[in-house]
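The values are calculated or read from the model by the stated rules, or taken from the named source; none is laboratory data. As the structure is a computational prediction, the values presented were derived from the model and not from experiment. Reconstructed Cβ throughout: ideal geometry from the backbone, glycine too, with neighbour counts over all protein chains shown. Quick note on the areas: whole protein, heavy atoms, side chains included, nothing else; ligands and nucleic acids left out. Shrake-Rupley method; radii C 1.70, N 1.55, O 1.52, S 1.80 Å.
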Amino acid sequence: MNRREFIIALGSLVLSSCGGSSSNSSGSISFNSIPFGLGEDPAKLIDAQDPDGRRVFDLLRPDFVQAWLNGAVDTNGNVYSPSMSYFEQWYNQGKFKTWSSLNLGFMIISWENYDGQNPALGGPTYGNYHISRQFLEDVEKLCIWLKDYKSQLYFVLAAEQSTYTACRYDRTCSNPLAYSDVINNTTEEYFSRLRDNLLSAIDIIQSYHPSAYVGTCFGGWLVEFERGQSFINYFKPVIEKSNAIFFQSMMDKKSEENNGYGNPQRILANLNYFSRFGKPVGLAFYMPHNKRADVIADDMIQMSQQDYIKTLKKYRLLTFGFMEYGVLKDNLFDCLYKTSHFRKLLR
């Protein structure tokens, strides 16, 4: 299926899911609440280390907060996660206990600087962090530090993992799409190792936190084309061992700027596709990658429509995570207040 065919098919899905007809062949709508999350630094949000962060936090009142386990390389080329120092500090300062007492869930999202896009994390990791023993050791340390966390935990592993090979086989990174989103004779050596390590990570997490939601996080675009769907199916053993599936949505344009297909439509497409696996499906993180406040405002208007909210609840969306509070704090285009309105509708 090409992208044009996909968009036409999605149009039929949206009309059937969100249209004016009261009939629903998928069953009755479940008016459950959808937990809303906020990132990216819980200390800035909860402890008012950033007053703007606390202001956004107080308005949105998230059900859970989010933090990132970022993979990096040191000066000797060894993979590690600088995020672990923050987690350890929070543990030693008793913040996990405090946050849990506030009935706040906690979501950890792992990612790595595979192509060097984040200079603060050093050079490219080429995907090596998530296939390393270090990753598993970091996951186990986190599980131990969070052993007394009483509120809901979420472990979102290897976010956007299909991109980790972008520069692995061509260090000039001149054609990253050639090695992304695909399982072939070149890339399978990496993704088979990643799959095995994710299975090991899930075993570790479930042994310490059997009530936590854990799963890998697919790029939201993968469901839109056959190669992407084949990539997802390669990770079926991970999906089967997990008790949740996660995806992201970070489209830069309003729907009207992209033939009617933006973040609201991508979210529905992912829910529709992943529902076949019979697992809870969560949006791990949402935000336009270019941080356009007008896109956020437009997305929130669309997603606040009654029929759209009903569709999210029909699919029993597990989580809606907002990636970074900073893009909201100035309320450009009324994006903060529109997000607040949407958030209230999820309750």
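Only one entry in V73, V56 is more than 20 Å from Y208 (Cβ to Cβ), open to solvent by less than 30 Å² (accessible area, probe 1.4 Å), more than 22 Å from the chain's Cα centre (by Cα) and modelled with pLDDT of 95 or more, namely V73. In this structure, does I232 turn out to be open to solvent by less than 10 Å² (accessible area, probe 1.4 Å) and under 25 Å from E324 (Cα atoms)? Against the criterion (open to solvent by less than 10 Å² (accessible area, probe 1.4 Å) and under 25 Å from E324 (Cα atoms)), I232 does not qualify.
Residues are listed down the side, and each one gets a yes or a no for (1) over 25 Å from Q229 (Cβ atoms); (2) of a type in the set (D, E); (3) touching a Lys or Arg at 6+ places or on another chain (Cβ under 7 Å):
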| residue | (1), (2), (3) |
| --- | --- |
| I108 | yes, no, no |
| Y114 | no, no, no |
| L121 | yes, no, no |
| Q134 | yes, no, no |
| Y179 | no, no, yes |
| I183 | no, no, no |
| T187 | no, no, no |
| D196 | no, yes, no |
| I204 | yes, no, no |
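Only one entry of L198, L222 meets the criterion of being closer than 26 Å to Q66 by Cα and in contact with a His (Cβ under 9 Å, 6 or more places away or on another chain), and that entry is L198. Contact map, the range 61-86: first residue part of a helix (DSSP H, G or I), second residue of a type in the set (A, V, I, L, M, F, W, C), Cβ cut-off under 7 Å, separation 6 or more or different chains; pairs are S83/W68; S83/L69.
When you go through S242, S255 one by one, which is the residue that is in contact with a strand residue (DSSP E or B) (Cβ under 9 Å, 6 or more places away or on another chain) and either surrounded by 15 or more Cβ atoms within 10 Å (Cβ to Cβ) or at pLDDT below 95 (or both)?
Exactly one residue qualifies, and that residue is S242.
The residue of the range 258-289 that is least open to solvent (accessible area, probe 1.4 Å), among those that are basic (K, R) and in a helix (DSSP H, G or I), is R266. Restricting to the range 218-231, name every residue that is closer than 18 Å to Q265 by Cα and of a type in the set (A, V, I, L, M, F, W, C). Across the range 218-231, the qualifying residues are F218, W221, L222, V223, F225.
Summed over the range 299-334, residues that are in contact (Cβ under 8 Å) with a residue 12 or more places away in the chain and closer than 18 Å to L268 by Cα total 23. State yes or no: is F225 open to solvent by less than 20 Å² (accessible area, probe 1.4 Å) and at pLDDT 95 or above? Considered against the rule, which asks whether it is open to solvent by less than 20 Å² (accessible area, probe 1.4 Å) and at pLDDT 95 or above, F225 comes out as no. The residue list L283, L312, L336 contains one member that is in contact with a Ser or Thr (Cβ under 7 Å, 6 or more places away or on another chain) and of a type outside the set (F, W, Y), which is L283.
For the range 168-190, state whether one or more residues are touching a Pro at 6+ places or on another chain (Cβ under 9 Å), open to solvent by 40 Å² or more (accessible area, probe 1.4 Å), without any contact (Cβ under 8 Å) to a residue 60 or more places away in the chain and closer than 27 Å to V281 by Cα. No: zero hits.
Please determine, by comparing only the residues of the range 208-222 that are part of a helix (DSSP H, G or I) and touching a residue at least 60 places away in the same chain (Cβ under 8 Å), which one is least open to solvent (accessible area, probe 1.4 Å). Step through it out loud before you land on a result.
In the first step, residues of the range 208-222 are kept if they are part of a helix (DSSP H, G or I); the result is 208, 220-222.
Add one more test, that the residue is touching a residue at least 60 places away in the same chain (Cβ under 8 Å), and what stays is 208, 222.
On the way: Y208: 89, L222: 0 Å².
My answer is L222.
Scanning the range 238-249 for residues that are in contact with a helix residue (DSSP H, G or I) (Cβ under 7 Å, 6 or more places away or on another chain) and either in contact (Cβ under 8 Å) with a residue 40 or more places away in the chain or hydroxyl-bearing (S, T, Y) (or both) returns V238, I239, K241, S242, Q248, S249. In the range 136-167, the residue that is farthest from G228 (Cα to Cα) out of those that are charged (D, E, K, R) and open to solvent by less than 40 Å² (accessible area, probe 1.4 Å) is D138.
Quick one: which residue in E112, E88 is within 17 Å of the chain's Cα centre (by Cα), at pLDDT 95 or above and charged (D, E, K, R)? On inspection, the qualifying residue turns out to be E112.
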